[in-house]
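Undergrad: Shown below is the structure under consideration.
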Amino acid sequence: MTFRQIHAFILVVRFGTFAAAADHMGLTQSGVSRLITELSRNVGFELFDRVGRGVRPTARGMAFFKVAEGVYDNAQTLQRVAAEIREDVDDRIRLACIPTLATAVLPAALEEFHAKYPNVFVDILAQNPQEVISSFSDRKADLGVTLGFCQMDGVHNEIFAKADYILAVHKDHVLARLKKISSKDLAGHEVMGFENDSVLLPNDDETLLLADVSGKTSKRIWCQTSWVRYALLSNKRYVNVAEPFSFPIFAKHDIVARPFSPQVTTDLRFVMHNEKLHIPMYQDLTASFRSSVEHFGLEHDLPIYVTP
């Protein structure tokens, strides 16, 4: 029994066909078939039944898959650890970061961090805030950069920056003519709504944003993903009350930003297990994040403020 056989078996289960597994592995379909046949001979039972043009695992095959998947993942981890030992890796940080910050700020933060810690590996988990909470609950992350984190035993979280929401529209939208936009100005326009469980807004509440125009706006689009909200502004009819970090990416696509009132501010937080609070490399990585966020806000003239 070889790990190559197990790899082929796992891929066939996941994709449902030998052809798809072969494409993934860079083999011919007959090559994958041969690996499965050899593995079936080694384990002593049939792994798949034919179903139309595809296959499905037998009951015994499925029972084997549940264990084989974990064994294969562990083997890959061992290979990675061996590579790190060969390369004299000092340590590893599992960083859970919300996608907006991972895109806008993380590259600069890591450049500064790795100038001081060239042999520390960083596993980046691009996760929404609920997923970050889950990662810390399961101890699958060492450091989190997020918003809206709850209290959790043994986990420290602190506010390191604040960001005001802005009004983003296409440059050809009538509201783009205004230098500052209030909620009253939204009357009669198509505003993208936030899903009820959205974590983009503090307290998951649109009431403050739209207090003056309740019932006077059209909301046919509802979305809690920042990138999608910005992208939809290419349709010139929509208005987006948005976090500011994604704006520079879409500014090149004729999207403009305006200050918005009433002021709505979200808190950005560092999250760490208590035992890592005083480890120098974690302190230095959070310091790199602080300086990168501050520089980002100044460079793009956005309402982003790093707390003392």
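The values are calculated or read from the model by the stated rules, or taken from the named source; none is laboratory data. Source: prediction; values computed, not measured. Cβ atoms come from the backbone with ideal geometry, glycine included; neighbour counts cover every protein chain shown. Just the protein is used for accessible areas: all its heavy atoms, side chains included, with ligands, DNA and RNA removed. Shrake-Rupley method; radii C 1.70, N 1.55, O 1.52, S 1.80 Å.
Undergrad: Here are some conditions: (1) modelled with pLDDT under 90; (2) open to solvent by less than 40 Å² (accessible area, probe 1.4 Å); (3) within 19 Å of residue 171 (Cα to Cα); (4) polar (S, T, N, Q). Residue 198 meets all but one. Which one does it not meet?
TA: Looking at each condition in turn, residue 198 falls short on (3).
Undergrad: A further question on this structure: Are any residues in the stretch 151-170 assigned to a loop (DSSP other than H, G, I, E, B) and under 22 Å from residue 304 (Cα atoms), and if so, which ones?
TA: 165
Undergrad: Suppose we keep only residues that are in contact with a Lys or Arg (Cβ under 9 Å, 6 or more places away or on another chain) and open to solvent by 10 Å² or more (accessible area, probe 1.4 Å) within the stretch 274-308. Which one would you say is farthest from residue 140 (Cα to Cα)?
TA: If we take residues in the stretch 274-308 being in contact with a Lys or Arg (Cβ under 9 Å, 6 or more places away or on another chain) and open to solvent by 10 Å² or more (accessible area, probe 1.4 Å), then 303 is farthest from residue 140 (Cα to Cα).
Undergrad: Out of all the residues in the stretch 156-164, is one or more under 29 Å from residue 122 (Cα atoms), of a type in the set (Lys, Arg) and at pLDDT 75 or above?
TA: yes
Undergrad: Count, please, the residues in the stretch 123-141 that happen to be among the β-branched types (Val, Ile, Thr) and surrounded by fewer than 19 Cβ atoms within 10 Å (Cβ to Cβ).
TA: Qualifying residue count for the region: 1.
Undergrad: Restricting the search to the stretch 31-53, which residues are open to solvent by 10 Å² or more (accessible area, probe 1.4 Å) and free of Cβ contacts under 8 Å to residues at least 24 places away in the same chain?
TA: Those that are open to solvent by 10 Å² or more (accessible area, probe 1.4 Å) and free of Cβ contacts under 8 Å to residues at least 24 places away in the same chain: 33, 34, 37, 40, 41, 44, 45, 46, 49, 50, 51, 52.
Undergrad: Further, regarding this structure: So which of 253, 278, 295 is in a loop (DSSP other than H, G, I, E, B) and either on the phi > 0 side of the Ramachandran plot or in contact (Cβ under 8 Å) with a residue 12 or more places away in the chain (or both)?
TA: After applying the criteria, what remains is 253.
Undergrad: With the structure loaded, tell me whether residue 271 is touching a strand residue (DSSP E or B) at 6+ places or on another chain (Cβ under 7 Å), assigned to a strand (DSSP E or B), at pLDDT 95 or above and open to solvent by less than 30 Å² (accessible area, probe 1.4 Å) or whether it fails that test.
TA: yes
Undergrad: Let me ask you something else. Count, please, the residues in the stretch 1-30 that happen to be part of a helix (DSSP H, G or I), surrounded by 15 or more Cβ atoms within 10 Å (Cβ to Cβ), out of contact with any helix residue (DSSP H, G or I) (no Cβ under 6 Å at 6 or more places or on another chain) and among the small types (Gly, Ala, Ser).
TA: 1
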